[in-house]
Amino acid sequence: MNLPRLEIRLNHIRHNAEVLSSRLERQGIAVCGVTKATLGSPEVANELLLAGVASIGESRIENVERLRRGGITAEILLIRSPMMSQAERVIASADLSLNSEKKVIARLSEIAHRQGRRHGILLMVELGDLREGIMPVDLHSFVDYTLSLENLDLRGIGTNLACQSGVIPDDANMGELSDLAASVETDFGITLDLVSGGNSANLNWALAPNHDCGRINHLRLGESILLGCEPTERVPIKGLYGDAISLLGEVIESKVKPSEPRGVRGQTAFGGIDHPSEPPGDRPRIIVALGRQDIDPGGLTPPPDLQILGTSSDHIVLAGASEPPEVGDELRFGLDYSALLRAMTSPFVTKSYLQ
Ligand SMILES: *Cc1c(COP(=O)(O)O)cnc(C)c1O
């Protein structure tokens, strides 16, 4: 088997998605399974759909197209605002998109008309995290505008917290979204199908015991399904697998070396000047054929007993083990979202799907 290699346990991903979908269903919330960290893997999307998610979410049109080529016919949401320059592809492959600019919405309408298709619009509202979103005072004008355009269906409103500024979803900001949904429905005499409260960072709020989620009936979940953890404090979620995805790398050098470098020291390959201080003396030092081109080094969990000393483009240097691995051995690493995203994107990393 090729190395380095991502091992993706589809049955664990399916389990995680099933557990979250059923817990949220009790709160009246449907799940959109977000596959962006897998680069739009049809294998993963399939498991999510078998687990009962309502739709698939993707941030890039290339990934949406990959899902379609892979046979995914379920509803797909483009969860990043469409690029003007990609409007044709968005209309052709995505069922709905998250929007916050009138110019983009107008373009989507025009292209949908030309292609003889309908396209769903979910209007994103800014509720404190300061990434994408319409200011709440402008929402009614956006609703009015969207309703006036042909070939578009206003499917609902939504927000995204935590990603840019770490703002935590709570009763205050989620209550604001519920109130906005109610006022849009009253003022325009329409029903909003989706009130999309956010991402995995919403889980603590949504699943609090005896909690009333108001009008929120939709969440877009990626990290919690794939990694089994909650992103505001990065704690494992009870009942989910945290090892659904791991990364295997091969040992290319295993020696005993002094722990202190020799010579005058400047910056390292990637600019760091904080050399880690280690206890003096000789210790096992292991090199694995993986690097910054394949992973985000800060997001890698080494095997028990080993410690990551440094990472350059193509080498990870580890120390620690009482029984050091040998050249040719495989070492298994855990990944956070950032390391996963980069490993998925690296052409050097084989993706291996296990049933
Ligand atoms: C990435 C993303 C999500 C999913 O976030 P997770 O933290 O992985 O659950 C949801 N919505 C939007 C707009 C996103 O960009």
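Tabulated data for the structure shown
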{"read-out": "17 Å reach of a label modelled at ALA30, 7 Å along Cα-to-Cβ, counting backbone N of region 51-80", "value": "51-58, 73-79"}
{"read-out": "Carbon/sulfur fraction of accessible area - region 209-325, other protein chains in place, 1.4 Å, %", "value": "50 percent"}
{"read-out": "Diffusion coefficient, µm² s⁻¹, Stokes-Einstein with Kirkwood Rh over alpha-carbon pairs of region 81-225 at 37 °C and 0.692 mPa s", "value": "211 µm²/s"}
{"read-out": "Kirkwood-type radius of region 172-233, with distances r between different C-alpha atoms, in Å", "value": "12.7 Å"}
{"read-out": "Given charges at Cβ of Lys, Arg, Asp, Glu: the chain dipole, positive-most of LEU161, THR73, SER97", "value": "THR73"}
{"read-out": "Antiparallel DSSP beta bridges within the chain, as percent of all bridges there, nearest 5", "value": "45 percent"}
{"read-out": "Label-reachable residues, region 236-259, where backbone N falls under 18 Å from a point 7 Å from GLU323's Cα toward its Cβ", "value": "251, 254-256"}
{"read-out": "Relative pair counts by distance (%), Cα atoms of region 194-264, 10 Å bins", "value": "16, 31, 19, 13, 12, 8, 1"}
{"read-out": "Local electrostatic count, PHE142, Cβ distance below 11 Å [Lys/Arg +1, Asp/Glu -1]", "value": "-2"}
{"read-out": "Violating pairs (Cα-Cα greater than 30 angstrom) within the set LYS257/LYS351; LYS36/LYS103; LYS238/LYS351; LYS36/LYS238", "value": "LYS257/LYS351"}
{"read-out": "Longest exposed-site-free window of the chain, the sites being GluC sites (Glu not before Pro) in a DSSP loop that have at most 11 other C-beta atoms within 10 Å", "value": "1-149"}
{"read-out": "Helix axis angle, 139-148 relative to the chain longest principal axis, alpha carbon, degrees", "value": "70 degrees"}
{"read-out": "Cα gyration tensor shape of region 246-354, rounded if a/c is under 1.5, else prolate or oblate by comparing a/b with b/c", "value": "oblate"}
{"read-out": "Candidates per trypsin sites (Lys or Arg not before Pro) in region 226-272, loop by DSSP, up to 12 other Cβ within 10 Å", "value": "ARG234, LYS238, ARG262, ARG265"}
{"read-out": "Sites ALA208 and SER141, calculated FRET efficiency, Cβ-Cβ separation with R0 30 Å, nearest 0.05", "value": "0.30"}
{"read-out": "Cα gyration tensor shape for region 1-75, rounded if a/c is under 1.5, else prolate or oblate", "value": "oblate"}
{"read-out": "Cα centre as origin, Lys/Arg/Asp/Glu Cβ charges: the chain dipole, Debye", "value": "820 debye"}
{"read-out": "√(5λ) per eigenvalue of the Cα gyration tensor, region 178-333, largest first, Å", "value": "48, 17, 14"}
{"read-out": "Sites ARG23 and GLU185, calculated FRET efficiency, Cβ-Cβ separation with R0 30 Å, nearest 0.05", "value": "0.65"}
{"read-out": "Cut-off under 5 Å, modelled amide H: who pairs with ILE134 long-range", "value": "MET124, VAL125, GLU126"}
{"read-out": "With at most 15 neighbouring Cβ atoms within 10 Å, loop chymotrypsin sites (Phe, Trp or Tyr not before Pro) (DSSP) excluded, longest segment of the chain", "value": "1-269"}
{"read-out": "Reduced Cα scattering model of the chain, Debye log10 I(q)/I(0), q = 0.07, 0.08, 0.09 Å⁻¹", "value": "-0.36, -0.46, -0.57"}
{"read-out": "Accessible area in square angstrom per residue, the chain, 1.4 angstrom probe", "value": "46 Å²"}
{"read-out": "Net charge dipole size for region 20-100 [Lys, Arg +1 and Asp, Glu -1 on Cβ; Debye, nearest 20]", "value": "140 debye"}
{"read-out": "Linear extension gain, SER352 paired with LYS255, 0.36 nm per residue minus alpha-carbon span", "value": "31.9 nm"}
{"read-out": "Region 60-123, Rg to Rh (Cα coordinates; Rh as Kirkwood inverse mean 1/r)", "value": "0.93"}
{"read-out": "Student exercise, region 246-354 dipole from Lys, Arg, Asp, Glu Cβ charges, in Debye to nearest 20", "value": "260 debye"}
{"read-out": "Carbon and sulfur %, accessible surface of region 21-130 computed with the full protein complex present, 1.4 Å", "value": "47 percent"}
{"read-out": "Cβ-based charge dipole, the chain, positive-most Cα from LEU20, VAL34, VAL251", "value": "VAL251"}
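The values are calculated or read from the model by the stated rules, or taken from the named source; none is laboratory data. Owing to the predicted nature of the structure, the values given are computational and were not obtained by experimental measurement. Glycine also receives a Cβ, built like all others from the backbone with ideal geometry; neighbour counts cover every protein chain displayed. These accessible areas exclude ligands, DNA and RNA; they are computed on the full protein's heavy atoms, side chains included. Shrake-Rupley method; radii C 1.70, N 1.55, O 1.52, S 1.80 Å.
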